[in-house]
């Protein structure tokens, strides 16, 4: 169970499409966020980041590549859809707690349609019906309620997070119906869900991570900056023009440039956001088990 939890990657969160004005302001907001990083434990976090990279290279990446080789794209798409659908109750609960009535209705509609017409969520007919997917978690809900994020934290396999978002994951677990399920082999089902989530998420971002690492630069700072920008966009429901964000270690960003505070330039962050928008993934956060992050639809 513990291993499965670690392998499950947390979703950072999806955001709605931003308006033209918000899009124009995104680069400036991104640089401000990167420069204001709340990372008092950077030494510890860098050590944990190195441990994560080692585990990823030795275990997660090889398994993900094997999964890609052994399965057709249609199969992998069905797996991702199924996993996203399982998160519906958690997303719905947080939509309601944030007072987002329209988004709660969209989440409920998506879950009902994809669970039935979409055959347990394997297919996603709700999107073609105009019900766009989005992500919410209790960490975002706490942010909406005004709670500060607290220090940045990086935990191997769980990925980038903050004290607030890490604590919020426990509440998301309480919203998850599988937490209370009682049937034969329920523990096996929970473990399988976690392991499959981690593998599916890592596979979906193989190409982006390869490109990201090939570009060099300080990967720790680049990941941290991208996480903070993506997280803020998710909390604002996309008003920063970042949408469909991937999990922490799956963030494909441009390397940092030599700005005065060591963060990424506005141009790099904008490219980063464009790449993030193209990623399609979901899972659970420390996605209650989740992969680096926040697992984080």
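The values are calculated or read from the model by the stated rules, or taken from the named source; none is laboratory data. Note that the structure is a prediction, hence the values are computed from the model and not measured. Cβ sites come from the backbone with ideal geometry, for glycine too, and all protein chains shown count toward neighbours.
Listed by first and then second residue, the pairs with beta-carbon distance under 8 Å, at least 6 apart or on different chains, first residue in the stretch 31-55 and at negative phi and surrounded by 15 or more Cβ atoms within 10 Å (Cβ to Cβ), second part of a helix (DSSP H, G or I) and modelled with pLDDT of 95 or more, are 39/45.
Residue 208 fails exactly one of the following numbered conditions: (1) modelled with pLDDT under 90; (2) part of a loop (DSSP other than H, G, I, E, B). What is the number of that condition? Answer for residue 208: the failing condition is (2).
Within the stretch 68-82, the set of residues being part of a helix (DSSP H, G or I) and either modelled with pLDDT under 95 or more than 15 Å from the chain's Cα centre (by Cα) (or both) comprises 68, 69, 70, 73, 74, 75, 76, 77, 78, 79, 82. Of all residues in the stretch 209-227, those that are within 14 Å of residue 160 (Cβ to Cβ) have Cβ atoms under 7 Å from Cβ atoms of residues that are at pLDDT 85 or above and outside any helix (DSSP H, G or I), 6 or more apart or on another chain, in 223/160; 224/39; 224/152; 224/160; 227/160. Criterion first (in contact with a strand residue (DSSP E or B) (Cβ under 9 Å, 6 or more places away or on another chain), at pLDDT below 95 and on the phi > 0 side of the Ramachandran plot) does residue 9 satisfy it? Answer is no for this residue. Screening residue 166 against (1) buried (at least 20 other Cβ atoms within 10 Å of the Cβ); (2) touching a strand residue (DSSP E or B) at 6+ places or on another chain (Cβ under 8 Å); (3) not in a loop (DSSP other than H, G, I, E, B) leaves a single unmet condition, (1). Take the conditions (1) assigned to a helix (DSSP H, G or I); (2) at positive phi; residue 105 misses just one of them, which is (2). Looking at the stretch 46-62, is at least one residue in contact with a strand residue (DSSP E or B) (Cβ under 6 Å, 6 or more places away or on another chain) and either farther than 22 Å from residue 196 by Cβ or in a helix (DSSP H, G or I) (or both)? So far as the stretch 46-62 goes, yes, one or more of its residues are in contact with a strand residue (DSSP E or B) (Cβ under 6 Å, 6 or more places away or on another chain) and either farther than 22 Å from residue 196 by Cβ or in a helix (DSSP H, G or I) (or both). Assess whether residue 99 counts as being crowded, with 17+ Cβ neighbours inside 10 Å and outside any helix (DSSP H, G or I). No.
For beta carbons closer than 7 Å, sequence separation of 6+ or different chains, a first residue in the stretch 171-190 that is within 19 Å of residue 85 (Cβ to Cβ) and a second that is modelled with pLDDT of 90 or more and outside any helix (DSSP H, G or I), the qualifying pairs are 172/137. Among the criteria (1) within 28 Å of residue 207 (Cβ to Cβ); (2) surrounded by 20 or more Cβ atoms within 10 Å (Cβ to Cβ); (3) at pLDDT 95 or above, the one residue 94 does not fulfil is (1).
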